[in-house]
Amino acid sequence: MVNASSQVVSFQEVGVVGLIQVDNPPVNALSREVRAGIIDAIAVVAGRQQIRALLIISAGNLFSAGADLKEFDTGFLEPSLQELQAAIELAQIPVVAAIHGLALGGGLEVAMACHYRVAQKNAKLGLPEINLGIVPGAGGTQRLPRLIGPRAALEMILSGAPISATEAKAKGLVDEIAENDLRQAAMAFCERLVRDGAGPRPTRELLAAGGLGESEVGAALRANAKSLRGRSTQTLVIEAIQASRLPFAEGVAVEARVSQASLASRESHALRHVFFAERESGKVTGMPARLEPPEIRQVAIIGAGTMGSAIAIAFADADRRVILIDNTEAALTRGRENIRSTYASSVKRGRITQQIAEERVARITTGLEVGTTTDADMVIEAVFEDMSLKKRVLSDLDSVIPRERLIATNTSTLSITELARATKHPDRVLGLHFFAPANVTKLLEIARGSDTTSETLAIALQVAKLLKKVPVVAGDAFGFIGNRMMLDGYFREAEQLLLEGASPTQVDAALEQFGFAMGPQRVSDLGGNDVGTKARLQLYERESRPDPYFVIADRLTEMGRLGQKTGRGFYRYESGSRDALPDLEVTALIEALASQRGIVRREIGDDEIVERCLLALINVGAMVLDEGVAARASDIDVVWTSGYGFPRHLGGPMFYADTLGLRHVAERIRYYHGKLGHYWRPARLLERLAVENSSFEQRDGASRTP
Ligand code: NAD
């Protein structure tokens, strides 16, 4: 037995095998210490004749999730991953990687530098770097094609999705699958290599089978078209993989160049920004350190409409029981049908089996009486967006649900504080703002009322974790973070542009071209124009908005043009189709509304549409930040990228503003203020940051607690 060479890497002789174990919780990141530790262990072995093979294995739940992302920004300290790989690959005796759980990114790149790989049957292997706009830079683009061929390598790197051990074995990435105990199987594999006299098999010495043809590249790009829309990393990936035909040293030189270029790209900065922002958004300053929220086993949901039934699915998917309540049998029947058809479509798409679908459906029971929810560990109200109705429902719930349990409202715009005060225990009330479709959309906006306690907030954060959603905590103001920016900024400007002369098709196409998943008018038609109208009617009871403010959408609601559900909205839809077709009736309506306001319609360019909608969004975002409704600019970016279809590779509206430069942003907003008046008033915070030549990112950094 040789002494452990470091805290995170230990070395042990087991017969003819030298066992190197990495133990760097939580994810066995390949930190400098790990890299140095493995290199030291290999050096120790070099002088020992009796050791004839090396096995690299990890403790914990996974082989390795890869490099520490922070090192991408700070630069890699010595020894580098490449030095580690050279030490492994050039070793005089065979080196075997034993993979369990996950081998991702740098983790897989190190495993590929080993001479052989044994994987536990449930393990997954992947190079997810593209999700962060990065080209794998530790030989991944050179070794993977040598092991599985350039086409399969391209598919794997472009999709970023890990493959199963079985698939990896079939492709040639893994030599053997361990059905049961990995360590045992891998030890036996090593002993067999020694017995058979099999020597090292450096991956770099293998030949990559040919290059990539145009049709192969085309097919791989098409297969990932959705996730790569508007992106550029894929071009660099292709260049690197093409270089795998060259001798290894030349290939890695190409890889190093394109990988560096990817790291320096705006796209990668933006994607990494969102990645870190999502990890930050669940952290709330001022929360007591040790709060242990009670376990949630059963949830009650009031209102079996669009949102209520989808929220029920989200909890059933998380293995929780749900009681879904509505006040009419007809609504319950609709809710149940909704749930069934959602699961049927998941089965049809091969996402889950029929049996799993049935189990999940069975977890949801329905009823008419709020009184039957007493046993629920928490309750979510999702009835119509109506203050007095919601107050009544919350007060009823307060009298039946034991005092310490969470009562949440799914309101999109109403005051949480006012709603909470309709109960005797406003401290346990908050907003859990889900986004349609609630079982799919990643975002969960958590809105805190004036009386909401940290204990209550802790339960909400726990719910987000349970449902695998990204939480963002918002203050209690009209529309919280997302809907406020959407209504007072983005969508309002889109309507203004319609009045000034753009068509719904043109506005939507311009913003989709910018990168939004769907343009504003198509979003309105999908969600229902009446939803917005109802929210605005509630708003007008508390606050006013000068004309024009959604005059088109509200008129469409009056006309019964509610959107896809009625076959007519901003567009018309033919029966059974979701294709948005232009409608002359809407054009006439818009022209009439514009002329009533003395607006002279004109040709509007796509650039103006995009600029105005984004600047309006950013400006209101700055107000939301200044008012403390959002704690960080990065929280706003999370809201918009995970809930409103803002392109992730542009980092979210506030990051995007930083990339435009706040001086420029402020100047353009002042310009439109001069042209269009009051509602373009520049946000104070934006003006200040622009004068200071600062950015939203710097403001976040300054306010971050260590
Ligand atoms: P919906 O009209 O589809 O469903 C509301 C349901 O509440 C109906 O089934 C109705 O029968 C039921 N209901 C009404 N009064 C009730 C009562 N007293 N007791 C029990 N059930 C009652 O509405 P929705 O779109 O699901 O919206 C529900 C809430 O979610 C609203 O507050 C809305 O603002 C919010 N929200 C909606 C969306 C969206 O995109 N639709 C997104 C986020 C939040």
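Considering segment 423-441, the residues that are touching a strand residue (DSSP E or B) at 6+ places or on another chain (Cβ under 9 Å) and without any contact (Cβ under 8 Å) to a residue 60 or more places away in the chain include one that is most open to solvent (accessible area, probe 1.4 Å), namely 425.
Among the residues of segment 557-581, write down those that are among the acidic types (Asp, Glu) and not in a loop (DSSP other than H, G, I, E, B). I'd like the intermediate steps shown before the answer.
As a first pass, look at segment 557-581 and keep what is among the acidic types (Asp, Glu): 558, 574, 579.
Residue satisfying the conditions is 558 alone.
Beta carbons closer than 9 Å, at least 6 apart along the sequence or on distinct chains, pair a first residue in segment 163-179 that is closer than 22 Å to residue 200 by Cα with a second that is of a type in the set (Asp, Glu) and outside any helix (DSSP H, G or I) for 169/175; 169/176. Test of understanding: among 55, 104, 84, 90, which residue is on the phi < 0 side of the Ramachandran plot and at pLDDT below 95? Among 55, 104, 84, 90, only 90 is on the phi < 0 side of the Ramachandran plot and at pLDDT below 95.
When segment 368-386 is filtered for residues that are within 10 Å of the ligand (Cβ to nearest atom) and closer than 22 Å to residue 445 by Cα, the ones remaining, listed by number, are 380, 381, 382, 383, 384, 385, 386. Taken over segment 353-385, the criterion of being in a helix (DSSP H, G or I) and farther than 17 Å from residue 315 by Cα is satisfied by 354, 355, 370, 371, 372. Listed by position, the helices (runs of 4 or more DSSP H) inside segment 164-282 whose residues that are open to solvent by less than 60 Å² (accessible area, probe 1.4 Å) and within 23 Å of residue 138 (Cβ to Cβ) number at least 2 are 165-171, 233-242, 248-264, 266-280. Tally up the residues in segment 283-314 that are part of a loop (DSSP other than H, G, I, E, B), farther than 20 Å from residue 405 by Cβ, of a type outside the set (Val, Ile, Thr) and open to solvent by less than 50 Å² (accessible area, probe 1.4 Å), please. The total comes to 2. Summed over segment 404-422, the residues that are free of Cβ contacts under 8 Å to residues at least 60 places away in the same chain and either open to solvent by less than 10 Å² (accessible area, probe 1.4 Å) or within 10 Å of the ligand (Cβ to nearest atom) (or both) give a count of 7. Which residues, taken from segment 301-326, are under 23 Å from the mean Cα position of the chain (by Cα) and within 12 Å of the ligand (Cβ to nearest atom)? Answer for segment 301-326, where residues must be under 23 Å from the mean Cα position of the chain (by Cα) and within 12 Å of the ligand (Cβ to nearest atom): 306, 307, 308, 309, 310, 311, 312.
With the condition being over 30 Å from residue 468 (Cα atoms), I'd like the helices (runs of 4 or more DSSP H) fully within segment 594-692 carrying at least 1 qualifying residues.
Numbers: elements: 606-626, 633-643, 653-660, 662-676, 684-691.
Counting at least 1 such residues, we get 606-626, 653-660, 662-676, 684-691.
Each residue in segment 509-547 was checked for being surrounded by fewer than 19 Cβ atoms within 10 Å (Cβ to Cβ), free of Cβ contacts under 8 Å to residues at least 60 places away in the same chain and more than 15 Å from the ligand (Cβ to nearest atom), and 5 of them qualify. Picking from residues in segment 90-133 that are within 17 Å of residue 178 (Cα to Cα) and among the polar types (S, T, N, Q), the one that is least open to solvent (accessible area, probe 1.4 Å) is 120.
The values are calculated or read from the model by the stated rules, or taken from the named source; none is laboratory data. Everything numeric in this text was worked out from a predicted model, so none of it was measured. Counting neighbours? That spans all protein chains shown, and the Cβs are built from the backbone with ideal geometry, glycine included. Quick note on the areas: whole protein, heavy atoms, side chains included, nothing else; ligands and nucleic acids left out. Shrake-Rupley method; radii C 1.70, N 1.55, O 1.52, S 1.80 Å.
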